[in-house]
Amino acid sequence: MVCLDGFTLSHVYEPTDVPEQDQVDKFLPPYQPKWKLDPENPATLGPISLPWNHMEIKEDQQKDSLNSINIVKQVHDEFSQQFQRSYGNGLIEQYKCEDAETVLVCMGTVCGTARVAIDQMREQGKRVGLVKLKCFRPFPDEDLKAALKDKKNVAVFDKSLSFGLKEGPVCSEIKSALQSEKTKVKSYIIGLGGRDVTVERLVKAVDEVEKPGTGWLK
């Protein structure tokens, strides 16, 4: 599942490191789709599944989705070797988590701001770290559990809202992964509609992470 947050990605620019085309061609397999729309060979592709096989189809899709978690890790390792840069293990990426008491869990562009906030709090003696969630589906529950189970507090920042739910969707997933642990998990709703998420707001969230209820960082 590709999860991209708008505004910052669509309205802001920054330096990028784009690999040479021959490197990309060497890394990616040739594009040879098994099925395609071809006027010379017309076909109808997957219009319907009927009750007597629909559940089996969905079960196969679910199995493939769950099994793809190992493929994500594998391809990330291959990418790292080819381009000499890595992003955690392709599923999550950790920053100063080893001795952290409080860990921020974020996705997307807010993670850069979170790193700055963490550096500032570290200078003040606060043991804070970051887990960047890079893959939402399949959800890397085991990797997150390993990273977060021994932490005192986890602050989850969602740039999305599920109406009628008392917390953000990513927070719900984190709580499920940590349900057998003693770690406290708090939900924060941030950045809706492209509203800026500042270092100051993230620092404030850490200061009040043990207060009950969902936080709205406005």
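No value in this document is a laboratory result; all are computed from the given coordinates. Note that this is a predicted model, so its numbers are computed, not measured. As a convention, Cβ positions derive from the backbone with ideal geometry for all residues, glycine included, and neighbour counts pool all protein chains shown.
Hey, any hits in the range 128-145 for a residue that's farther than 25 Å from Ile69 by Cα, without any contact (Cβ under 8 Å) to a residue 40 or more places away in the chain and surrounded by 14 or more Cβ atoms within 10 Å (Cβ to Cβ)? Talk me through it step by step, then tell me what you get.
Looking only at the range 128-145, we keep the residues that are farther than 25 Å from Ile69 by Cα, and these are 128.
So of that shortlist, the ones also without any contact (Cβ under 8 Å) to a residue 40 or more places away in the chain come out as none.
There is no residue in the range 128-145 that is farther than 25 Å from Ile69 by Cα, without any contact (Cβ under 8 Å) to a residue 40 or more places away in the chain and surrounded by 14 or more Cβ atoms within 10 Å (Cβ to Cβ).
Any idea which residue in the range 165-208 is farthest from Thr102 (Cα to Cα), counting only those that are part of a loop (DSSP other than H, G, I, E, B) and hydrophobic (A, V, I, L, M, F, W, C)? Give the steps one after another, and end with the answer.
Taking the range 165-208 as the starting set, the residues that turn out to be part of a loop (DSSP other than H, G, I, E, B) are 165-168, 178-183, 191, 195-198, 208.
Still in the list and also hydrophobic (A, V, I, L, M, F, W, C): 165, 178, 197.
Working: Leu165: 24, Leu178: 15, Val197: 19 Å.
Per the stated criteria, the residue is Leu165.
Based on this model, can you work out whether Leu50 counts as touching a residue at least 60 places away in the same chain (Cβ under 8 Å) and loosely packed, with under 13 Cβ neighbours inside 10 Å? Don't jump to the end; show me each part of the working.
On the way: touching a residue at least 60 places away in the same chain (Cβ under 8 Å): no; loosely packed, with under 13 Cβ neighbours inside 10 Å: yes.
So Leu50 does not fit the description; no.
Of Glu59, Glu93, Glu40, Glu98, which residue is at negative phi, part of a helix (DSSP H, G or I) and either touching a residue at least 40 places away in the same chain (Cβ under 8 Å) or not aliphatic (A, V, I, L, M) (or both)? Break it down stepwise before answering.
Values: Glu93 fails: part of a helix (DSSP H, G or I); Glu40 fails: part of a helix (DSSP H, G or I); Glu98 fails: part of a helix (DSSP H, G or I).
Just a single option satisfies the conditions, and that option is Glu59.
Are any of the residues in the range 110-117 touching a helix residue (DSSP H, G or I) at 6+ places or on another chain (Cβ under 6 Å), hydrophobic (A, V, I, L, M, F, W, C), surrounded by fewer than 19 Cβ atoms within 10 Å (Cβ to Cβ) and closer than 23 Å to Ser86 by Cβ?
yes
Could you tell me whether any residue of the range 17-35 is of a type in the set (S, T, N, Q), in a helix (DSSP H, G or I) and exposed (fewer than 11 other Cβ atoms within 10 Å of the Cβ)? I'd like the intermediate steps shown before the answer.
Quick first cut of the range 17-35, residues of a type in the set (S, T, N, Q) only: 21, 23, 32.
Now restrict to residues that are in a helix (DSSP H, G or I): 21, 23.
Filter once more, keeping what is exposed (fewer than 11 other Cβ atoms within 10 Å of the Cβ): 21.
Yes, the range 17-35 contains a residue that is of a type in the set (S, T, N, Q), in a helix (DSSP H, G or I) and exposed (fewer than 11 other Cβ atoms within 10 Å of the Cβ).
Every residue in the range 3-15 that is closer than 19 Å to Met107 by Cα and either surrounded by 10 or more Cβ atoms within 10 Å (Cβ to Cβ) or not acidic (Asp, Glu) (or both), please. Spell out how you get there, then give the answer.
Initial filter on the range 3-15 (closer than 19 Å to Met107 by Cα): 3-14.
Across the range 3-15, the qualifying residues are Cys3, Leu4, Asp5, Gly6, Phe7, Thr8, Leu9, Ser10, His11, Val12, Tyr13.
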